[in-house]
1. For segment 102-122, which positions are more than 22 Å from the chain's Cα centre (by Cα) and in contact (Cβ under 8 Å) with a residue 24 or more places away in the chain?
2. If you scan segment 159-205, which residues turn out to be touching an Asp or Glu at 6+ places or on another chain (Cβ under 7 Å) and polar (S, T, N, Q)?
3. Does segment 296-322 hold any residues that are open to solvent by 10 Å² or more (accessible area, probe 1.4 Å), assigned to a helix (DSSP H, G or I) and not aromatic (Phe, Trp, Tyr), and which are they?
4. Kindly establish whether Ile219 is closer than 27 Å to Thr377 by Cα and not in a helix (DSSP H, G or I).
5. Run Arg141 past the list (1) on the phi > 0 side of the Ramachandran plot; (2) open to solvent by less than 70 Å² (accessible area, probe 1.4 Å) and report the number of the one that doesn't hold.
6. Examine segment 71-84 for a residue that is free of Cβ contacts under 8 Å to residues at least 24 places away in the same chain and in contact with a strand residue (DSSP E or B) (Cβ under 9 Å, 6 or more places away or on another chain), and state whether such a residue exists.
7. Condition first: over 26 Å from Phe308 (Cα atoms) and more than 19 Å from the chain's Cα centre (by Cα). Can you find one or more residues in segment 50-72 that meet it?
Amino acid sequence: MIRNALVIDDDADIQLLSTMLLQKQGYNVATAGGLGELARQPSLLNTELILLDLGLGEFTGLDIIDYLHDLRLNAAIIVTSGCSEEAAAHTIESGNQKGLCMLGFLPKTKLMTGLAPFIDSLKQSSKPPVKAELEKALRDRELFLAFQPKQDLHTGNITGVEALVRWQDPQRGVLYPDSFIPLAEKQDLILPLTWHVIELALAQQARWQSEGIDLNVAINVPAAFIQAEGMLATFDRLTQRHRISLDKITLELTESAGIECLGYARHVLETLRRKGCQLALDDFGTGYSSMVQLYRLPFTELKIDKSFVSRIDHDDDARAITLSIIDLGKRLGLKVVAEGIETSCQHTLLSQYGCTLGQGYFIARPLARHALDTWLTSDGPLDETCALS
């Protein structure tokens, strides 16, 4: 099978050498000299592998990383540059924090001998999952939840968690949402997947309630869930089966979810609110219809997208937008949650700004249930690797 690769470098000789080496490995290769070329030709990013230089004229590799993150690109990325190990490590860490697939650093001086091992490692990795495999995973209960804690930024108390789905695939190991949520959306499996996640989350909430653990559980839901026929009745049956308190459940709706009929959505969401369910508008500030949804729909919580939160300690514009969202949430009587808190400085600033709640790697990475229980009692520095061991 022919695979696509993209070389992003402003050195014509490196472009030529990289193209030749990748073609020998069976890749169809495209090249770009920098960010402007990518912005003008987005089709170039239809690729499985990217070789990324860091020095690209007026832009840098970090600018490319930000662009790839905004596009939610799943391509594997090799940093190929003449930069220092420290600069490369910083770029790789930045990409990893944004959820990109960073394979590592290959100095340009080692392209001739060093590229093939990277390619061999990539070729040995499993193929992307297909519809039949995801259907089997749902039947065989291969999906499980990790929980990212939410902290009250003023008291330091952990008040809730966000439930995040993972797939324990027998061949591939643990798969993260980026590798199968798009598949579910394309193959009409997003509703069965959402119901499965809801049932797992409600069951866990019931266990916590029986143990006297007081945590709100947030569950991500797409527009298709809100619009699904019989959703309210099915949701009622599940909550009654697990005997949980709905005021400890938050449904998080992404603003990019594409709700076409706000009148119907309002009816459904107001019904959920009357039953005690909390409602959050997720990723606020990154879509086109956020203000309309915020005005028309009965949300109780506003989540600031991490693309702003992760920059407030060094970017004046991101800080101004974050402050405006916090002020807007307060004026509307909503809780405001900051996603993607990565540093102590960001945590302190958000607390000073009056943000209600926060989540992110600085507080805790997503944890499986047993690891979360340990973390809650020990406040130890567990991460998701520990959670899965």
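The values are calculated or read from the model by the stated rules, or taken from the named source; none is laboratory data. Since the model is a prediction, treat every value here as computed from it, not as a measurement. Virtual Cβ from ideal backbone geometry, glycine too; neighbours counted across all protein chains shown. Please note that ligands, DNA and RNA were not included when accessible areas were found on the heavy atoms of the full protein model with its side chains. Shrake-Rupley method; radii C 1.70, N 1.55, O 1.52, S 1.80 Å.
1. Within segment 102-122, Phe105, Leu106, Pro107, Lys108, Thr109, Leu111, Met112, Leu115, Ala116, Phe118, Ile119, Leu122 qualify.
2. Thr159, Gln168
3. Residues satisfying the conditions are Arg296, Lys306, Ser307, Asp316, Asp317, Arg319, Ala320, Ile321.
4. When the stated conditions are applied, Ile219 passes them.
5. Single failed check for Arg141: (2).
6. Checked segment 71-84: no residue is free of Cβ contacts under 8 Å to residues at least 24 places away in the same chain and in contact with a strand residue (DSSP E or B) (Cβ under 9 Å, 6 or more places away or on another chain).
7. yes
Yes/no per residue for (1) open to solvent by less than 40 Å² (accessible area, probe 1.4 Å); (2) part of a loop (DSSP other than H, G, I, E, B); (3) over 27 Å from Ala265 (Cα atoms):
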site	(1), (2), (3)
Gly160	yes, no, no
Trp167	yes, no, yes
Asp188	no, yes, no
Leu193	yes, no, no
Ala201	yes, no, no
Ile213	no, yes, yes
Ile226	yes, no, no
Phe235	yes, no, no
Leu238	yes, no, no
